[in-house]
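The values are calculated or read from the model by the stated rules, or taken from the named source; none is laboratory data. None of these values were measured; they are calculated from a predicted model. When we count neighbours, we look across all protein chains shown, and the Cβ atoms used for this are built from the backbone with ideal geometry, even at glycine. Protein only, heavy atoms only, side chains kept; ligands, DNA and RNA dropped before computing areas. Shrake-Rupley method; radii C 1.70, N 1.55, O 1.52, S 1.80 Å.
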Amino acid sequence: MTFDYDLFVIGGGSGGVRAARIASAEGGAKVALAEESRMGGTCVIRGCVPKKLMVFASEYPEQVQDARAYGWDASVGSFDWTRFRGALENELDRLEAAYRGTLLNAGVTIYDARAVVVDPHRVRLADGTEFSVKHILIATGGRPFVPTVPGAELAVTSNEMFHLETLPKRALVVGGGYIASEFACILHGLGVKVTMMYRGASILRGFDDEARGIVQTTMQARGIDIQCGVDVAGLHKAPGGIVARGTDGSMQEFDLVMYATGRLPNSGGIGLESLGVGIGVRGQVLVDEWSQTAVPSIYAVGDVTDRINLTPVAIREGHAFADTVFRGVPTKADHQLVASAVFTQPELGSIGLSEEAAKRQHSEAQGPIEIFAASFRPMKSLFAGREDRVLMKLVVDQASQRVLGCHIVGNGAGEMIQLAAIAIKMGATKADFDRTVAVHPTVSEELVTMRKPVRVV
Ligand SMILES: Cc1cc2nc3c(=O)[nH]c(=O)nc-3n(C[C@H](O)[C@H](O)[C@H](O)COP(=O)(O)OP(=O)(O)OC[C@H]3O[C@@H](n4cnc5c(N)ncnc54)[C@H](O)[C@@H]3O)c2cc1C
């Protein structure tokens, strides 16, 4: 049987673009990709990239302050949001065009349209055009979840944060995950008075307790009002702004309320349910380790599968799928020891087991865990009169001496964890770290100079 396409990819984000490119350029497949919004997806258009550029923008006031401590006659002046937003939009246009160009160069046909699945070998575009296809890849990503509280429509999500007409004077960020924490720091850095409301006991749940504790304390010390153990019961408009009623009965007024209370997979309304593709309780497309669904011709990668919702993971999954199905190289995406960073101020870089997870999962099964940790005020900010602390922490299996986790808080933690991740992924032991001669004077030299465990758990 002949098909219009060997592969039809639905979704032009991190996972879909990689899979389409490899299947076409390296697998020789006839490939089409449909994208209903902008090419590049969440990461490029409304996630990692614009966020990181906003992080950079938000860091300048502190850098200028520090420059003064270092003898420079510098002042930060005012921030022109409109100018920055214009430059950001230009950069996103450039990136979107680059993604499109890469796909076209690889021989992929692009449809700028919403696509749905009609049957295991047919897809339909919004204008009704249908194609017969041998394989379908669902790479439709995720979307922000906003709980149904009265007045929720007054709030924005991360999607809208890059398009604000003006910067607010007072902002409420609801949530305590990495996106909430990053935006709280970004807004604070840009001069906004920021409040965070989070129903949990402390922000960044799931990360190492000691590390997230330092991030939270530092954010608070810098002036972000973090209110934990309280949620928003409702929002309403008032003459001066938006009033948030807390579950503790408090009433607080803001100019902007941003919800960052999690994300859900985009699996609904694309025809999957009726075909027998398994859908999980959060709406995630259920796949096996080859990213294949219960319908053999339909695969899914990236956030829509809700495995590890990070760009490099979606890319790996997309690549592995293309290798397996179109290049004759069976490949499973590896979800073990995936490093990640939270771009708060200070940054948090993390890989492997937290102390708590090691205690819970590992020590019961395999014996005690040694914790090596150093927390101190780094030279650069100490000189500038800041109270900031960094953390270098290793979670080590006592019996094998293998490093199971590494957690870094401080400037550049994202960059540092990427490099530590190579060693840890290779199975480095504490002795391997110790026989590596320190680079001095650096913050990260502490990672190779911690002699005795601070505790055994
Ligand atoms: C604010 C924010 C910050 C983030 N920061 C980071 C970070 O620092 N590091 C990191 O690794 N990850 C980060 N992420 C997560 C990262 O963006 C995602 O993990 C990644 O984009 C997932 O890629 P994907 O291919 O699965 O989906 P997406 O990139 O979401 O792409 C899916 C695409 O499918 C399209 N689509 C959906 N349905 C259809 C349809 N029916 N027809 C046609 N097109 C459709 C959508 O328009 C979208 O473009 C961040 C996310 C957010 C929201």
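Miscellaneous remarks
- When 145, 131 are screened for being open to solvent by 80 Å² or more (accessible area, probe 1.4 Å) and of a type outside the set (Lys, Arg), only 145 passes.
- Here residue 439 passes the criteria (1) assigned to a helix (DSSP H, G or I); (2) in contact with a helix residue (DSSP H, G or I) (Cβ under 6 Å, 6 or more places away or on another chain) except the one numbered (1).
- Considering segment 313-337, and only residues there that are touching a helix residue (DSSP H, G or I) at 6+ places or on another chain (Cβ under 7 Å) and among the small types (Gly, Ala, Ser), the residue that is farthest from residue 108 (Cα to Cα) turns out to be 333.
Yes/no matrix, rows are residues, columns are (1) assigned to a strand (DSSP E or B); (2) away from the ligand (no atom under 15 Å from the Cβ); (3) open to solvent by less than 10 Å² (accessible area, probe 1.4 Å); (4) touching a helix residue (DSSP H, G or I) at 6+ places or on another chain (Cβ under 6 Å):
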site	(1), (2), (3), (4)
191	no, yes, no, no
197	yes, yes, yes, no
207	no, no, no, no
226	yes, yes, no, yes
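- Failed criterion for residue 95 (all others in (1) loosely packed, with under 15 Cβ neighbours inside 10 Å; (2) in a helix (DSSP H, G or I) hold): (1)
- Within segment 122-135, no residue that is under 17 Å from residue 272 (Cβ atoms) sits with its Cβ atom under 7 Å from a residue that is charged (D, E, K, R) and open to solvent by less than 20 Å² (accessible area, probe 1.4 Å) at 6+ positions apart or across chains.
- Taking segment 331-354 as the range and being open to solvent by 20 Å² or more (accessible area, probe 1.4 Å) and closer than 17 Å to residue 215 by Cβ as the test, the residues that pass are 339, 340, 341, 343, 345, 347.
- Residues in segment 361-397 that are open to solvent by 50 Å² or more (accessible area, probe 1.4 Å) and part of a helix (DSSP H, G or I): 8 in all.
- Unmet requirement for residue 142, which otherwise passes all of (1) more than 16 Å from residue 256 (Cα to Cα); (2) more than 12 Å from the ligand (Cβ to nearest atom): (2)
- Among (1) part of a loop (DSSP other than H, G, I, E, B); (2) more than 30 Å from residue 32 (Cβ to Cβ); (3) open to solvent by 20 Å² or more (accessible area, probe 1.4 Å); (4) within 15 Å of the ligand (Cβ to nearest atom) - the single one residue 176 does not satisfy: (3)
- Complete set of residues in segment 17-39 that are touching a residue at least 60 places away in the same chain (Cβ under 8 Å), within 15 Å of the ligand (Cβ to nearest atom) and more than 10 Å from residue 322 (Cα to Cα): 17, 31, 32, 33, 34, 35, 36, 39
- Hey, residue 313 within 16 Å of the ligand (Cβ to nearest atom), surrounded by fewer than 23 Cβ atoms within 10 Å (Cβ to Cβ) and either free of Cβ contacts under 8 Å to residues at least 24 places away in the same chain or assigned to a loop (DSSP other than H, G, I, E, B) (or both) or not: no
- In the set (1) part of a loop (DSSP other than H, G, I, E, B); (2) free of Cβ contacts under 8 Å to residues at least 40 places away in the same chain; (3) within 16 Å of the ligand (Cβ to nearest atom), the condition left unmet by residue 72 is number (3).
- Taken together, 103, 137 contain a single residue that is open to solvent by less than 20 Å² (accessible area, probe 1.4 Å), within 21 Å of residue 319 (Cβ to Cβ) and in a strand (DSSP E or B), which is 137.
- Qualifying residue in segment 42-64 (condition: touching a strand residue (DSSP E or B) at 6+ places or on another chain (Cβ under 9 Å) and over 23 Å from residue 332 (Cα atoms)): yes
- Within segment 77-92, being open to solvent by 80 Å² or more (accessible area, probe 1.4 Å) and modelled with pLDDT under 95 holds for one residue alone: 78.
- Contact annotation: residue pairs with Cβ atoms under 6 Å, 6 or more positions apart or on different chains, pairing a residue in segment 153-166 that is under 23 Å from residue 141 (Cα atoms) with a partner that is away from the ligand (no atom under 13 Å from the Cβ), are 155/257.
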